[in-house]
Amino acid sequence: MVTRKSVPEIALEGVGKRFRDGAVALDGISLNVERGEFVTFLGPSGCGKSTLLKLVSGLSPASVGTVEVNGITPKNAREMMSFIFQDATLLPWRTVEENVGLEMELEHAAREVRQERVAKMLEVVGLGHVANRYPRQLSGGMKMRASIARALVTRPRILLMDEPFAALDEMTRDRMNEELLRLYGEQKWTVLFVTHSVAEAVFLSTRIVILAAHPGRVAHEMEVELPWPRTAETRETPAFDAQVAQASRLLRGVYQA
């Protein structure tokens, strides 16, 4: 599913992040992500996973080193990226349809274009039947699907996802993982994903990057060797269990170091 090209989709070289209080969140991060990869970051709390996504998105600048997205600075590449957070952050006074179309509305897209694209995206994520409902009328999984639809309606080529399913129960989380991979197969984005779940990382990813803490740095990289497409049955295979065990061993080494 990965299309190789000369310029990486995302490139970090010698990247470090130091906060004003002197705390070093990241140090010496060098990483290339190719077009179409699904790269997941695992690591202990405080290792800089979320900070790394913010550097790539342009929400926060690197203190040292360089970050490039498709060969340009993150700030200049923002139109090709969408960020999905752990909280769905839907506006309670707007309907699902209005929430999903918010960014297009802020960009002054023509109303007809906005309505058509929003309606199509709501059908893609299975929310067409609740377009006129408000967030308080939705389940946790439906809220997250609305958040994903809002991110996708702008037609990004890069998705940055910071523990988007952490607040969901296990069964809903599994279904959302399967739905995300279905959309990934159709849309061919490049994805950076943060999670604390080893099983989720293995199920979703083409590659897992494990970060060590204090300061945050790349400790291990692991290619996930599971066939596509991945379905609920994938989790029941010996190959899946073996990959989870391998990633868990690498992660335990980081915690014990």
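The values are calculated or read from the model by the stated rules, or taken from the named source; none is laboratory data. Everything quoted here is computed from the prediction, not taken from an experiment. Positions of Cβ are backbone-derived with ideal geometry, glycine not excepted, and every protein chain shown enters the neighbour counts. The protein model used for the area step is the full one, side chains on, heavy atoms only, and it has no ligands, DNA or RNA in it. Shrake-Rupley method; radii C 1.70, N 1.55, O 1.52, S 1.80 Å.
Summary of computed values
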read-out	value
Among G141, G101, G22, residue whose mean-square fluctuation peaks in a GNM of the chain (springs only between Cα atoms under 10 Å)	G22
Neighbour count of at most 10 Cβ within 10 Å plus DSSP loop: longest trypsin sites (Lys or Arg not before Pro)-free window in the chain	21-257
Interchain or long-range residues, amide H under 5 Å from S63's placed H	G16, K17, R18
17 Å Cα cut-off, lysine pairs counted over the chain (separation 8 or more, or different chains)	5
Highest-fluctuation residue, E97, E79, E107 considered, GNM on the chain with Cα pairs under 10 Å	E107
Highest-MSF residue in the chain out of P135, P61, P229 [GNM, Cα springs under 10 Å]	P229
Orientation-averaged projected area, Cα convex hull of the chain (nm²)	14.3 nm²
Helical contribution to [θ] at 222 nm, DSSP H n ≥ 4, -39,500 (n - 2.57), averaged over the chain, rounded to 500	-10500 deg cm²/dmol
Dipole-positive endmost among M171, I148, I210 within the range 132-235 (Cβ charges, Cα centre)	I148
³J(HN,Hα), Karplus 6.51/-1.76/1.60, whole Hz, each residue of the range 211-224, x for Gly, Pro	9, 9, 10, 6, x, x, 7, 6, 9, 8, 10, 9, 6, 8
The range 191-244: GluC sites (Glu not before Pro) in DSSP loop, at most 11 other beta carbons within 10 Å	E225
Probe 1.4 Å, protein heavy atoms only - accessible area per residue of the chain in square angstrom	48 Å²
Principal semi-axes in Å for the range 6-47 [√(5λ), Cα gyration tensor, largest first]	24, 14, 7
Neighbour-limited loop hits for chymotrypsin sites (Phe, Trp or Tyr not before Pro), the range 1-108 (at most 10 other Cβ within 10 Å; DSSP other than H, G, I, E, B)	W93
Relative contact order [Cα under 8 Å, 6+ residues apart], the range 4-256, whole percent	26 percent
